[in-house]
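Please read the structure below before turning to the comments.
The values are calculated or read from the model by the stated rules, or taken from the named source; none is laboratory data. From a predicted model like this one, the values you see are computed outputs, not experimental measurements. Positions of Cβ are backbone-derived with ideal geometry, glycine not excepted, and every protein chain shown enters the neighbour counts.
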Amino acid sequence: MLRMSFLEHLEELRSRLIKMLIGIGVAFVLSLSFASPLWEIISAPAVAALKTLGVNPPELSQITPMEAFNTIWVKLPLLCAAFIASPWVLYQVWAFISPGLYRRERRWALPFIFCSAALFILGGLFAYFVAFRYGLTFLLGIGLGSHVRPMVSISTYSDMFINVILGVGLVFELPVLIFFLTLLRIVNPHFLLTHSRYAILAIFILAAVITPTPDAFNMMLFATPMCLLFFVGIFASYLLVLNREGRRFPWSKVFIPIGIVLIVVAVGLFLTITKFGFHLVPHWPFLSR
């Protein structure tokens, strides 16, 4: 392990933070080049929700003169830059903590960066295509029966969109966090399984905070994948412990049933599309007649 003084740690932290900001800045400039198409993609859930509720025209509103500029040309390119630059940012995080790890533990650098970035982006996609759309439709439709016409400003919409997308993206980092804590020997799989009931309770509380609506259905949309990710993190932690002890996981016994399940799902999807007239759509439940 490398030995560094306190001041050297601070200098290293400053250097890594500067490099993170430079990476996000480059990604922000890149995002500005397609800000208008980006707004079309981000506003699509609102337009779809308004169409579903029968609001005509299905458009968002600009209340103040600077609202469109701040939203389309500042906030949303920054959000896009955060996702584009996430592999670079995570690499800087790993480069900062790696001097405190043993040589054999530094082999996890590439899997750490890849899995962290993939889970962050996957969380954003889940929020965009599933959770956010249902929550928005529910919220906009609450007052329709009481002679209330939805009128959403683009700044209010973008703030809600950013909070949900970033919140779910960060929550999807749960397996990486568990793996990292195991790597630092703070937790172990047995401890996590023993206290899983408290973790699940905390997950549901967090889902209730992140969920933009108060109903149980939308909360379950958040909580269910979070619980699955928690147990995926325990499995990754178990693999790390096996690696430390020089043992191997029986992958062949696991891949066979997983392969069978995937084949059954693929066949069912094929039959649903070809025999029953369904087709794929870019939103939950991803199948429609």
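When you scan region 1-49, how many residues do you find that are of a type in the set (Gly, Ala, Ser), free of Cβ contacts under 8 Å to residues at least 12 places away in the same chain and over 18 Å from Leu90 (Cα atoms)?
Number satisfying all stated conditions: 3.
From the list Asn163, Asn188, pick out the single residue that is without any contact (Cβ under 8 Å) to a residue 60 or more places away in the chain, surrounded by fewer than 19 Cβ atoms within 10 Å (Cβ to Cβ) and not assigned by TED's automatic domain parsing to the domain that holds Glu67.
It is Asn188.
Leu206 - would you say it is more than 13 Å from the chain's Cα centre (by Cα) and either in a loop (DSSP other than H, G, I, E, B) or at pLDDT below 85 (or both)?
Spelling it out, Leu206 is indeed more than 13 Å from the chain's Cα centre (by Cα) and either in a loop (DSSP other than H, G, I, E, B) or at pLDDT below 85 (or both).
If Pro150 satisfies every condition in (1) in a helix (DSSP H, G or I); (2) out of contact with any Pro (no Cβ under 9 Å at 6 or more places or on another chain) but one, which is the exception?
That leaves (1) as the condition not met.
Specify which of the listed residues (Pro111, Pro45) is surrounded by 15 or more Cβ atoms within 10 Å (Cβ to Cβ) and assigned to a helix (DSSP H, G or I).
Of Pro111, Pro45, the one residue that is surrounded by 15 or more Cβ atoms within 10 Å (Cβ to Cβ) and assigned to a helix (DSSP H, G or I) is Pro45.
Considering (1) surrounded by fewer than 18 Cβ atoms within 10 Å (Cβ to Cβ); (2) touching a Phe, Trp or Tyr at 6+ places or on another chain (Cβ under 7 Å); (3) more than 29 Å from Phe83 (Cα to Cα), say which one Leu239 fails and leave the rest.
Going through the list (1) surrounded by fewer than 18 Cβ atoms within 10 Å (Cβ to Cβ); (2) touching a Phe, Trp or Tyr at 6+ places or on another chain (Cβ under 7 Å); (3) more than 29 Å from Phe83 (Cα to Cα), Leu239 breaks only (3).
Please determine whether any residue of region 168-182 is under 18 Å from Glu59 (Cβ atoms) and assigned to a helix (DSSP H, G or I).
Within region 168-182, none of the residues are under 18 Å from Glu59 (Cβ atoms) and assigned to a helix (DSSP H, G or I).
Could you please find all residues in region 215-267 being of a type in the set (Lys, Arg) and outside any helix (DSSP H, G or I)?
Arg247, Arg248
Going by the conditions given, is Pro65 under 23 Å from Leu139 (Cα atoms) and in the same structural domain as Ser153 (by TED's automatic domain parsing)?
Judged against the criteria, Pro65 is not a match.
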